[in-house]
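Bear in mind that the values in this text are calculations on the coordinates, not laboratory data. What you are looking at is a predicted structure, and each value in this text was computed from that prediction instead of being measured. Cβ atoms come from the backbone with ideal geometry, glycine included; neighbour counts cover every protein chain shown.
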Amino acid sequence: MYRTHNCGELCNKYLNQDVTLSGWIHQIRNFGSIFFVDIRDFFGITQLIISKKILHTDFFLRKEYLIQVKGKVLKRLSRNYNLYTGEIEILVSKIDILNKSLLPPFSIEDNTDGKEIDRMRYRYLDIRRNPIKNNLIIRHNLMLEVRNFLSQKGFLEIETPILVNYTPEGSRSFLVPSRIHMGKFYALHQSPQIFKQLLMIGGIDKYFQIVKCFRDEDSRSDRQIEFTQIDCEMSFVKVHDVLVFFESFIKHIFKTIKNYEWKKKIPIISYCDAIKMYGSNNPDIRFGMKFVKLNHIVKENNINFLKSKKLVIGIKIKNIDDIDNNLINFLLKKINKKNNFFWIKCLIENQILSSNNVQINQNFSKFLIKYFKANPGDLLFVSYGEKKDSRKLLSEIRIEIIKKLSLKNKNNYEPLWIIDIPLFKWEKKEKRFKSVHHPFTKPKDEDLHFLSINPKKVRSQSYDLVINGMEIGSGSIRIHNKKIQNLIFQHLGFSLKEIKSNFGFFTHAFEYGAPPHGGIAFGLDRLISILLGGENIKNFIAFPKNNEGEDVMTNSPTFFNNNIYN
Ligand code: ASP
C-alpha cells in the first residue's frame with residue numbers, strides 16, 4: 001500500500017496512529033541530528049520528523065524527491081495555523097525513495113520564481129503549484145455545475161463532429177488531410193454551429209456541449225487557438241427568451257462558484273449606444289465614465305477651433321490622486337498622440353490646470369468643470385475630430401484608467417448584454433461584406449428591407465454578454481428559412497453554385513419544417529479567468545499554447561515526419 005492517508009488530512013483526531021504517506025519533498029530543514037521535512041501531495045502538506053539515525057549513510061534527500069514514509073502521528077509543539085495539518089507531525093520510522101527528482105527549474109511554491117517560458121516547458125511541475133492546481137479544480141467544479149444546471153433545465157449534452165467541412169465563421173480553420181481520400185481535407189470545427197442547428201431541426205429541444213473549438217488566429221492573453229466553449233441552442237425562442245434564461249444561468253454560476261450574487265437585472269444596451277457611450281462594443285461599465293457629447297456646448301460658447309469638428313466628447317475621471325501629473329503623463333504616453341484632445345484638472349479653490357497642447361480659454365474650461373460637475377481631484381478628458389477617431393481616442397483613455405482602477409476592484413462584476421449588433425461589416429481590403437457574428441445569424445425583421453439598399457444598416461438578432469469589458473458569451477437567433485439564408489450567403493459574396501455545393505445540405509434541411517431557434521456560446525476559459533480575477537487565461541488551462549500557438553513542452557507544431565506518421 002502506498003499510503004494509508006493523504007498529506008492533507010491528518011489532524012489531532014489521528015494522534016498516535018501509525019500511518020503511511022507518499023508525496024514529494026516540499027521543504028527540508030536540517031537540524032543536525034534530525035530533519036524537518038514537509039511532504040506534499042495533491043491534498044496538502046504534512047510535516048515529518050526524520051532522525052538521521054534511520055537513514056543509511058548514503059541516503060540523500062532533495063526537494064521533489066518522491067518518498068514514502070511510515071510513522072506515528074504526534075502533536076506539534078507549536079501549531080502552524082496556515083496548514084490544515086498544522087497541529088500534527090509524523091515521527092518517521094521508515095523512509096523509502098519511490099522516485100528521485102532532478103532539481104526543478106523553478107521553485108514549486110505559490111509565488112514561484114519561474115519564468116513563463118520555464119513554467120510552460122515544465123508545465124507538469126507548474127501544475128504541482130497550488131495556484132495552477134486550484135484553478136484546475138475550480139474549472140472542474142465549474143464544468144460540473146454547468147452540466148448539472150443545464151441538464152436540470154432540460155438541455156441534452158450531445159457531441160458533434162470535430163472533423164468537418166470548412167464553414168465561414170469569421171476565422172481561419174485548421175485543415176487535416178484525409179489519408180483515405182487523398183487530396184481531400186477536413187477542417188477542425190471552429191464551433192458546432194451548423195450541427196447544433198441541425199439538432200434543433202432534428203427535434204432536440206435544447207442542446208448543450210462543453211466542447212473544444214479550434215481557430216487558426218493569433219493567440220492573446222484572452223485567446224487560444226484551441227479553447228473551450230459552453231455551447232448552447234434552444235428551439236422556439238426569441239432574443240428575449242435567450243437573454244432571460246442565460247441571465248439565470250450566469251447568475252447561478254457566479255453564485256455557486258464564486259458566491260457572488262447579482263441582485264440587479266443585467267442591463268441591455270444596443271451596439272449603437274455602446275459605441276456612442278463608451279466607444280466600444282464590449283465596454284467595462286464598472287466605473288461609469290460615459291462619453292458626454294459636447295458639440296452643442298462648443299457652439300454655445302463659440303469655441304472656434306472645436307466648432308467645425310464632427311464630434312467633441314469628454315469623460316470625467318473621478319478623484320484621481322495625481323498630484324504630480326503622473327497619471328496624466330502615463331495616459332499621454334499610452335495614447336501616444338499630441339493632437340485632437342485636451343485635459344483639464346480640477347484643483348482646490350476653483351483652480352484649474354489644463355494641458356498645453358492647445359490653447360483653451362479659461363472661461364470655457366471653467367464652464368466645462370461646471371457642466372461635468374467636476375470636483376477638486378477630478379480630471380476631464382476631451383477628444384475631438386472625426387466620429388470614429390475621437391471615440392477611439394477617448395475609449396483608449398477610458399480603458400487605461402479602468403485597468404489602473406480595476407486592480408483595486410477585482411471582485412466587482414458588472415455584466416451587460418449588447419444587442420442589435422450589425423449583421424455585416426465591410427472588409428476594406430477584400431472589398432466585401434463579412435458577418436459580424438456568423439452567416440447563420442438572423443437579421444432583425446424590421447431591417448430586412450435595408451438588405452438591398454444599405455446592408456451596413458441591417459441589425460441582427462444577436463447578443464453578446466460582456467462582463468468587466470470581456471466578451472464572455474455571444475449568440476443569436478438563427479435564420480431558419482432557406483430563402484433568407486441564401487440571400488445572406490449571396491451578400492457575403494458566395495455564388496449560387498458555391499452556396500449549393502457548400503451549404504446545400506444545410507439549407508435543404510430548413511425545408512423540412514425547421515423550427516425557429518437560437519443559442520449562445522460562452523468561452524469557458526474566459527469565464528473562469530474572470531471568475532477568478534481576470535488573469536491570463538493560460539493559468540486556467542492545463543496545457544495551454546503560447547501566444548505564437550506553440551506548445552513549448554511538446555514542441556508542437558512540428559515538421560511532418562513521414563516515417564513516424566506511417
Ligand atoms: N457559434 C458561435 C460562436 O462560436 C456562437 C453562437 O452563435 O452560438 O461564436
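The peptide list 195-201, 508-514, put in order of mean Cβ contacts within 10 Å with the highest first, becomes 195-201, 508-514. For the Cα trace of the chain, dividing Rg by the Kirkwood Rh returns an Rg/Rh value of 1.06.
Distance between the modelled labels on Lys52 and Gln359, one decimal in nanometres: 8.5 nm (7 Å Cα→Cβ projection).
Phi-derived couplings, Karplus 6.51 cos²θ - 1.76 cosθ + 1.60 at θ = phi - 60°, listed residue by residue for segment 137-150: 5, 5, 4, 4, 4, 5, 4, 5, 5, 4, 4, 5, 4, 5 Hz, with x used for Gly and Pro. Between Asp321 and Asn141, the contour length at 0.36 nm per residue exceeds the alpha carbon distance by 60.8 nm.
Which of His252, His437 has the fewest other C-beta atoms within 10 Å, and how do the rest follow up to the most?
His252, His437
Taken over segment 498-566, the ratio of Cα radius of gyration to 2.2 N^0.38 Å equals 1.87. Just to verify a number: FRET efficiency for Ser501 and Met182, C-beta to C-beta distance, R0 = 22 Å, to 0.05? That gives a FRET efficiency of 0.65.
When the helices of the chain are scored as -39500 (n - 2.57) per DSSP H run of n ≥ 4 and the total is divided over every residue, the value at 222 nm lands at -8500 deg cm²/dmol. Hey, what angle do you get for helix 326-335 against the long axis of the chain, alpha-carbon based, 0 to 90 degrees rounded to 10? Rounded to the nearest ten degrees, it is 70. Under 5 Å between amide hydrogens, built in the peptide plane, is the criterion, and for His517 it picks out Phe236, Val237, Arg478 among residues at least 5 positions away or on other chains. Over the chain, Cα pairs under 8 Å with separation of 6+ residues give a relative contact order of 13 percent.
The simple Förster model, with R0 at 56 Å and r as the Cβ-Cβ distance, assigns Asn454 and Lys70 a FRET efficiency of 0.10. Extension gain, Lys366 to Asp205: 0.36 nm times the residue separation minus the Cα-Cα distance gives 51.9 nm. On a per residue basis, the convex hull of the C-alpha atoms belonging to segment 404-514 measures out at 146 Å³.
DSSP beta bridges fully contained in the chain are about 95 percent antiparallel.
Between helix 239-258 and the chain there is an angle of about 30 degrees, using the helix long axis and the longest principal axis of the Cα atoms.
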